[in-house]
1. Would you mind classifying the stretch 43-137 by shape? Square roots of the alpha carbon gyration tensor eigenvalues, ordered a ≥ b ≥ c; an a/c under 1.5 is rounded, otherwise it is prolate if a/b is larger than b/c and oblate if not.
2. Once you have the Cα-Cα distance between Ser74 and Thr138, take 0.36 nm times their residue separation minus that, and quote the gain in nm to one decimal.
3. Put a dot 7 Å past each Cα toward the Cβ at Ala123 and Thr97; how far apart are the dots in nm?
4. If you add up the charges near Glu116, with Lys and Arg at +1 and Asp and Glu at -1, over every other residue whose beta carbon is less than 14 angstrom from its beta carbon, what do you get?
5. Please compute the length gained on full extension between Thr40 and Val130, using 0.36 nm multiplied by the number of residues separating them and subtracting their Cα-Cα distance.
6. Order these by the 10 Å Cβ neighbour count, fewest first: Asp53, Asp103.
7. Given the Cα-Cα distance of Ile65 and Val87 and 0.36 nm per residue of separation, how much length would full extension add, in nm?
8. Which aspartates and glutamates have a Cα lying under 19 Å from the Cα of Lys115, excluding residues fewer than 8 positions away in the same chain?
Amino acid sequence: MSSSPSNTGMNSSASSRNAPKLTATSSEQISIAFIKRALTPKATWTHKEEFLDAVYWLRQVLSIIIGVILGILSVKGFMGILAFGVVSSLIVFIYATNIQNVDPEEYGGIAEIIKEGFMTAFATFLVSWVVLYSTFYTGNSSIPPI
């Protein structure tokens with residue numbers, strides 16, 4: 001009888017090890033499905049967070065693209081920051097209202113949608129902008145090489 005409890009304990013731990021796990025293939029399918037939905041006009045969003053995730057990732061991609069463009073064009077100072085804020089907010093607004101045709105009131109208003117992921121995208125923009133600008137336009141740096 002004393003071996004019986006230890007066997008059930010071993011069986012329960014063995015069964016937890018054999019539990020189905022999320023494979024790379026299924027997570028890739030989820031990602032592909034999310035990307036397809038985000039790129040499909042007037043998609044159906046079952047959860048509020050899914051749409052906000054799409055806005056967040058759109059803004060991240062935009063921040064890299066805008067940073068690269070402004071870095072290559074040698075835009076400096078406040079004009080670059082202003083350009084990022086206006087362009088990224090305008091594109092997110094158009095994406096939410098015209099492409100996805102969501103009701104902004106379901107998400108707390110259009111300001112809440114536009115603010116989604118702004119600060120992290122701003123940091124991504126700054127990094128890409130500074131790196132590209134520094135790469136192309138600062139030949140003789142006063143910082144000694146390491």
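Only the coordinates and a few stated rules stand behind these numbers; no lab work does. All of these numbers come straight from a predicted model, not from anything done at the bench. All Cβ positions, glycine included, derive from the backbone under ideal geometry; neighbour counts span all protein chains shown.
1. Values: a/c = 2.85, a/b = 2.47, b/c = 1.15.
Since a/c reaches 1.5 and a/b is larger than b/c, the shape of the stretch 43-137 is classed as prolate.
2. Result for the pair: 22.0 nm of gain on full extension.
3. Taking the simple label geometry, Thr97 and Ala123 are separated by 3.0 nm.
4. Working: positive: Lys48, Arg59, Lys115; negative: Glu49, Glu50, Asp53, Glu106, Glu112.
Within the 14 Å Cβ shell, the charges total -2.
5. Numbers: separation 90, 0.36 × 90 = 32.40 nm, distance 3.30 nm.
So the chain would gain 29.1 nm between Thr40 and Val130.
6. Values: Asp53 16, Asp103 8.
Starting with the residue having the fewest Cβ neighbours, the order is Asp103, Asp53.
7. Values: separation 22, 0.36 × 22 = 7.92 nm, distance 1.11 nm.
So the chain would gain 6.8 nm between Ile65 and Val87.
8. Once the sequence-local aspartates and glutamates are set aside, what remains near Lys115 is Glu49, Glu50, Asp53, Asp103, Glu105, Glu106.
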